[in-house]
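The values are calculated or read from the model by the stated rules, or taken from the named source; none is laboratory data. Bear in mind that the values here come from a model prediction, so they are computed numbers and not experimental data. With ideal geometry, Cβ positions are generated from the backbone for all residues, glycine too; neighbour counts draw on all protein chains shown. Only protein heavy atoms, including side chains, enter the accessible area calculation; ligands, DNA and RNA are left aside. Shrake-Rupley method; radii C 1.70, N 1.55, O 1.52, S 1.80 Å.
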Amino acid sequence: MNRSVYSLVLMDNVIEEIDKLAYSTNTSRSALINGILAEYVSCTTPAKRCEEIFSRMETELLSASALYLIERPSNSMLAVRTQLKYKYRPTMKYTLALYGGHGETLGLFKASLRTQSAELEAAIAAFFSLWTSLEDAYLEEKPFSVIEPGRFTRELKQPKGSDVDTADAAARYISAFDGALKAYFHDGAQAASNAFLTWFNRGEHI
């Protein structure tokens, strides 16, 4: 959405209260005033859209008992964690940073795990490679993704089809990725591939 600079004449005590509220919510004066005005005239801002998507995603993700919500790092980012059944039960962290607009790209998904175990890092990298190869083979449009040591980054597109809810599609992608990862560690590559195909066959590609 385009932004422009406007001059407003406001009372000093109003600005003082606005600044207090902006500080307490970790936002800027302009962003807070923009949000207040947008809500008053029923206009959806990028920040409001992010909040709506994340609220619905949290409801969907909480139904997956193996995923635990983390306090949001920012208003445009959602974070969850899960534990892997592997020796000392390492923790995998998933984050989704939304771009906020209505363009073709929804945001950036990241899966990351910190470990000093070369064996675990290799196993995680093998899963990331498997998931990427499956997406490249089955999805009509090859998504942009990057594999780094202990980290997988993938751009999420807006889901196609008016009957596909954005929040549900994003939440189910994260759940599917997590389910395939755990299947990989428990039963191997074929089990992980089956989990991917279950997600793929739902048609909520993102």
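Scanning region 128-152 for residues that are farther than 28 Å from SER117 by Cβ and of a type in the set (A, V, I, L, M, F, W, C), we see that the one that is surrounded by the fewest Cβ atoms within 10 Å (Cβ to Cβ) is ALA137. Can we say THR198 is without any contact (Cβ under 8 Å) to a residue 24 or more places away in the chain and either over 18 Å from ALA137 (Cβ atoms) or surrounded by fewer than 17 Cβ atoms within 10 Å (Cβ to Cβ) (or both)? Yes. Whenever a residue of region 77-94 is touching a residue at least 24 places away in the same chain (Cβ under 8 Å), its partners that are open to solvent by less than 60 Å² (accessible area, probe 1.4 Å) and β-branched (Val, Ile, Thr), lying with C-beta atoms within less than 6 angstrom and at least six residues away or across chains, give the pairs PRO90/THR115; MET92/THR82; TYR94/VAL80; TYR94/ILE174. Out of the residues in region 182-195 that are among the polar types (S, T, N, Q) and free of Cβ contacts under 8 Å to residues at least 12 places away in the same chain, which is most open to solvent (accessible area, probe 1.4 Å)? Once the filter is applied, the top-ranked residue is GLN190.
Do you know which of the residues in region 153-181 that are open to solvent by 50 Å² or more (accessible area, probe 1.4 Å) and in contact (Cβ under 8 Å) with a residue 12 or more places away in the chain is nearest to GLU52 (Cα to Cα)? Steps first, answer last, please.
From region 153-181, those open to solvent by 50 Å² or more (accessible area, probe 1.4 Å) are 157, 160, 162-163, 165, 172; that's our starting set.
Restricting the remaining residues to those that are in contact (Cβ under 8 Å) with a residue 12 or more places away in the chain gives 157, 160, 165, 172.
Details: LYS157: 17, LYS160: 19, ASP165: 12, ARG172: 16 Å.
Here the answer is ASP165.
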